[in-house]
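Every number in this text was worked out from the coordinates using simple rules, so none of it is lab data. What you are looking at is a predicted structure, and each value in this text was computed from that prediction instead of being measured. All Cβ positions, glycine included, derive from the backbone under ideal geometry; neighbour counts span all protein chains shown.
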Amino acid sequence: MKDRAAFRAKLISAPYIVWAALFIVAPLIFVIYYSFTDASGSFSLVSIQALYKYIPTFLRSIWFGIVATLICLVIAFPTAYIISQKTDKIQRTMIMLVMLPMWMSFLIRTYSWMAILQDTGIINSFLAKIGIHPVHMINTGGAVILGMVYNFLPYMIMPIYSVMAKLDFSMIEACQDLGGSRFTVIKRCIIPMSMPGVVSGITMVFVPSVSTFYISQKLGGGSFDLIGDVIERQFQQSYNYNLGASISFVLMILILASMAIMNHFSDEGEMVI
């Protein structure tokens, strides 16, 4: 019976193993291969050595990603908490409203912000009507970060909400009964118990923010190159697959390191509880 159950378990997991091999393992192997070879397929470190030219772009991408992630966290944490305190019917409605923009194309959502932020866009047209001088917002770093926050905010709200919705509120009530202030309850109870969702949300926002390229092209006007833009150009315009793969390889290492750091802090948070 045990052998039969083990065989069934392997059979059930087989599609996932095949999927992971085709769409996760194989692409990573190709990235590593192209990173350490030249156009002829011979082993070479030329592409790796050329990465120093893109250090400012890496730093800008990381900085924009950190800022966008922090803004998302500041907005998402109280939003998720408020949603989790409502009745089931209201929770479903509010979650639907959070996810509603995600039902539209990423392209359309980004283009809509171009129409809003342009010098002759909706905001500046309104300001002009009330006698205020138009403000230049498009093609700025702030516009790029705003696009990241808008597009990736649901990825922060959902994991935090999913954890908060299952919190043991008897512990929160006990903290209140022991004289804990509202700040103490948030600091000592809600935040530590919500850390798994916070870590998941930070990871789900930071990773696409660092590697994005379409938002920076449309809302940044090409003035704020991110590392995703460089990778996209190497594959789509320069056809320098080796350099593009090298940059992708370094970006992958940075993302994995960031995830490891976040998991470390998550483990420490669980120990505090």
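Tell me the mean residue ellipticity at 222 nm calculated for the chain from its helices only (DSSP H runs of n ≥ 4, each -39500 (n - 2.57), averaged over every residue, nearest 500). -24000 deg cm²/dmol, from helical runs alone.
Here the chain is assigned +1 on the Cβ of each Lys and Arg and -1 on the Cβ of each Asp and Glu. Its dipole about the Cα centre then comes out at about 520 debye.
For the range 142-151, 3J(HN,Hα) computed residue by residue from phi via the Karplus equation (6.51, -1.76, 1.60; θ = phi - 60°) reads x, 5, 5, 5, 4, x, 4, 4, 4, 6 Hz, glycine and proline entered as x.
Our coupling estimate for the range 204-213, obtained by passing each phi through the Karplus curve with A = 6.51, B = -1.76, C = 1.60 and θ = phi - 60°, is 5, 9, 5, 4, x, 5, 5, 9, 5, 9 Hz, Gly and Pro reported as x. The phi-based Karplus calculation (6.51 cos²θ - 1.76 cosθ + 1.60; θ = phi - 60°) puts the 3J(HN,Hα) values of the range 228-233 at x, 5, 5, 5, 4, 5 Hz, whole numbers, x for Gly and Pro.
Less than 5 angstrom separates the built amide H of T37 from those of S44, all sequence-distant by 5 or more or on a different chain. Multiplying the residue separation of R233 and L167 by 0.36 nm and subtracting their alpha-carbon distance yields 19.2 nm. Structural descriptor for the range 50-272: relative contact order 27 percent, calculated from alpha carbon pairs under 8 angstrom and at least 6 residues apart.
Highest mobility in the GNM of the chain, judged by mean-square fluctuation with C-alpha springs under 10 Å and restricted to R182, R60, R233, is found for R182.
Dividing the radius of gyration of the alpha carbons in the chain by their Kirkwood radius gives 1.05 for Rg/Rh.
In this calculation the C-beta distance from M114 to A6 is compared with R0 = 45 Å, giving a FRET efficiency of 0.20.
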